[in-house]
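Read the figures in this text as sums done on the coordinates, not as results from a lab. None of these values were measured; they are calculated from a predicted model. Neighbour counts run over all protein chains shown; Cβ positions are idealised from the backbone, glycine included.
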Amino acid sequence: MESRSVAIVGAAETTELGRVPGLSKIQLHADAALNALEDCGLKPSDVDGVATAGEAPAGIAHYLGITPTWVDGTAVGGCSFMLHVRHAAAAINAGLCEVALVTHGESGRSRVGMDRFGGSPASLAGQYEAPYGLSGPPSMFTLGVLRYMKETGMTHEQLASVSVVQREWAALNPRSTFKDPITVDDVLNSRMIAYPFRLLQCCLVTDGGGALILVSKERARDFPTKPVYLLGTGESVETPMISQMEDMTTSRAFRVAGSTAFAEAGITHDDVDHVMIYDAFAHLPIYGLEDLGFVGRGEAGAFIEARNTAPGGPLPVNTNGGGLSYMHSGMYGMYALQESVRQMRGTAPAQVPDAKISVCHGVGGMFMASGTIIMTNQE
Amino acid sequence: MADDDYKGPVPVPTPETQDFWDGAKRGELRLQRCGEDDCDDVIFPARSFCPGCGSRSVTNFTASGKGKLYSYVINHRPPPGFGPEPHAIAIVELDEGPRMMTNIIDCEQTPEALVLDMPVEVAFTPITDEISLPKFRPAGG
């Protein structure tokens, strides 16, 4: 992608977030898409590019009445939307489409119109992971953390401080699911889920959706919204089996996606005003800060505990409250993107003053995939 | 004798993993090694080629069954079929290099008993007449 050549001109979440039993998964996609189109004054018939995950792109295109010349069904979990944004930018650069729509919708809590979860018992994960008594992501995504703690010396209190700081951000956001303040003791006394992880270190499970509309920087001038330019992008995948990561204390996919995006953006970490790091569990911002290069190996726990990422701190992270307190439908990456867009537009509930560059970093599966999108409001 | 109490998912072997499950039934932990002199990677899970160098020359061999506890969680919400008590889901690093997911048996399922890097050895648990799961227990225990 050519830096600053493509802009996000439409962005919106579903009208309601949280518990939305009256809408099925595809209805949540459509509600978000229609809100994003209205945000920038377009109709579905103006769209000629469709990217989505969780539904097939043909399903979304037909449902919304779109005749696309470009589609992308990349499905690598919750960061799929970061990859869609990256691919849409390349498609617009190449002239494959002019107006790209990226949609997400998920009835994570109410399970209306959702597919069944689980893979084949003949898959490698079905043979070599499923028989060991797994209870989904809380018992798997967290598997490397004791190793990380042994190698770096990170304490349980530092890990707990991630949830405390993000609750502070959530308290500033009227749409957050949880807003009441919590302490490190509250986190460490909450119900044990999968040692060393307790309830308040695990994400929410909610219903919702979001959508983005991208066009070239030239067309962006015609829209009523403040353009948010794509400065740098990156993506990678590692393994669908968490037990087969190269090193369970760091994500190769994070390092590849992040370094690719920073190189394309041509910026240093000191240039960054705002960061989103997909937080399905409390260790994700810790891995993310290290693997993206904001801090050194083993430093992220102390960095967060010292309030560097908290309201008023020098590096605001997860300013919507994150998956731990704002919302998490299952594929949270779209909500991280939405918050970065709001920060770049200057419309976030917890707005970072004068923020010009936002790094939005997603994970897919359980360290299976990663996508990084760096945005700016500076043409 | 199969464990009649086991109600969890049962692996279905594929052509490239059949040797592993045949070995498990006999009480052997089977891995693969790349046949190229300048590669020599140990491969798990089984493939018909070496992901390190792309060579199709791979041979199956019986591993030592020894390793160390690399990391784990203690699952306090066991899924149906796994009993009411919290149990560890563990990652063991084999002496030959690869890591695999497993359970640690013959050991208290507590942070005090489950010490990272402690030596462990394989022990097979039959769950059907055809499938035995490789699990690990503290070595020399």
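Label-to-label distance for residue B:108 and residue A:379 is 6.8 nm, based on points extended 7 Å past Cα in the beta-carbon direction. With a simple spin-label model that places each label point 7 Å from the Cα along the Cα-to-Cβ direction, the separation between residue A:259 and residue A:297 comes to 1.3 nm. Return the whole-Å distance between the Cα centroid of segment B:63-105 and the Cα centroid of segment A:300-344. Cα centroid to Cα centroid, the span is 32 Å. For segment B:14-63, report the % of Cα-Cα distances exceeding 12 Å. Of the Cα pairs, 56 percent sit more than 12 Å apart. Restriction of the chymotrypsin sites (Phe, Trp or Tyr not before Pro) in segment A:117-185 to DSSP coil positions whose beta-carbon has at most 11 other beta-carbons within 10 angstrom yields A:117. Note on segment A:149-216 and segment A:29-100: Cα centroid distance 30 Å, given to the nearest whole angstrom. What the Cα atoms of segment A:196-313 give is an Rg and a Dmax of 17.0, 51 Å.
For a quick protection proxy, order the peptides A:359-369, A:215-225 by their average other-Cβ count within 10 Å, most packed first.
A:359-369, A:215-225
Karplus-based coupling profile of segment B:36-50, in residue order and whole Hz: 7, 4, 8, 10, 6, 4, 8, 10, 7, x, 4, 9, 8, 8, 9, with θ = phi - 60° in 6.51 cos²θ - 1.76 cosθ + 1.60 and x standing for Gly or Pro. Of the residues A:344, A:140, A:82, the one that moves most in a GNM of chain A with alpha-carbon contacts below 10 Å is A:140. Taking a ≥ b ≥ c as the square roots of the Cα gyration tensor eigenvalues, segment B:64-141 comes out oblate, since a/c reaches at least 1.5 and a/b does not exceed b/c. Inter-chain Cβ neighbour count for B:109-119, averaged per residue, equals 1 (cutoff 10 Å, partner chain atoms only).
Phi-derived couplings, Karplus 6.51 cos²θ - 1.76 cosθ + 1.60 at θ = phi - 60°, listed residue by residue for segment A:224-240: x, 8, 6, x, 10, 7, 7, 9, x, 9, x, 7, 6, 9, 10, 8, x Hz, with x used for Gly and Pro. Phi angles of segment B:113-124 translate, via the Karplus equation with coefficients 6.51, -1.76, 1.60 and θ = phi - 60°, into HN-Hα couplings of 8, 9, 9, 4, 6, 5, x, 9, 9, 6, 8, 8 Hz per residue; Gly and Pro are given as x. The order of A:286, A:26, going from fewest to most other C-beta atoms within 10 Å of their C-beta, is A:26, A:286. So what is log10(I(q)/I(0)) for chain B at q = 0.12, 0.14 1/Å, when the Debye sum runs over its Cα atoms only? These q points yield log10 I(q)/I(0) values of -0.52, -0.70. Helix A:80-93 and the longest principal axis of the C-alpha atoms of chain A enclose an angle of approximately 30°. Close amide-amide hydrogen proximity is noted between residue B:72 and A:146, A:147, B:91, each under 5 Å apart and 5 or more residues distant or on a separate chain (H modeled in the peptide plane; Pro and chain starts excluded).
Amide H contacts of residue A:72 (H built 1.01 Å from N, in plane; Pro and chain starts excluded): A:50, A:51, A:52 sit under 5 Å, all sequence-distant by 5 or more or on other chains. In terms of overall dimensions, the C-alpha atoms belonging to segment A:1-138 reach 49, 36, 25 Å along their principal axes, ordered largest to smallest. Rounded to the nearest 10 degrees, the angle from helix A:333-345 to the longest Cα principal axis of chain A is 70 degrees.
Please list, by residue number, everything in segment A:79-114 whose backbone N is under 20 Å from a paramagnetic label point 7 Å out along Cα→Cβ of residue A:222. Residues A:88-102 qualify, since their backbone N sits under 20 Å from the label point.
The antiparallel fraction among DSSP beta bridges confined to segment A:235-379 stands at about 70%.
Taken over the Cα atoms of the protein assembly as shown, the convex hull encloses 151 Å³ per residue. I'd like the per residue volume of the convex hull spanned by the Cα atoms of segment A:277-370, given in cubic angstrom. Per-residue hull volume (Cα only) is 95 Å³. Label positions at residue A:15 and residue A:179, each projected 7 Å from the Cα along the C-beta direction, are separated by 2.1 nm.
For segment A:95-222, the gyration tensor built on C-alpha atoms gives an oblate shape. Its axis ratio a/c (a ≥ b ≥ c) is at least 1.5, and a/b is not larger than b/c. Measuring nothing but how far apart in sequence close Cα pairs (under 8 Å, 6+ apart) lie, relative to its length, chain A scores a relative contact order of 26 percent. Close amide-amide hydrogen proximity is noted between residue A:276 and A:318, A:359, A:360, A:361, each under 5 Å apart and 5 or more residues distant or on a separate chain (H modeled in the peptide plane; Pro and chain starts excluded). Lysine pairs in the protein assembly as shown whose alpha-carbon atoms fall under 19 angstrom of each other, counting only those eight or more residues apart or on distinct chains, come to 11.
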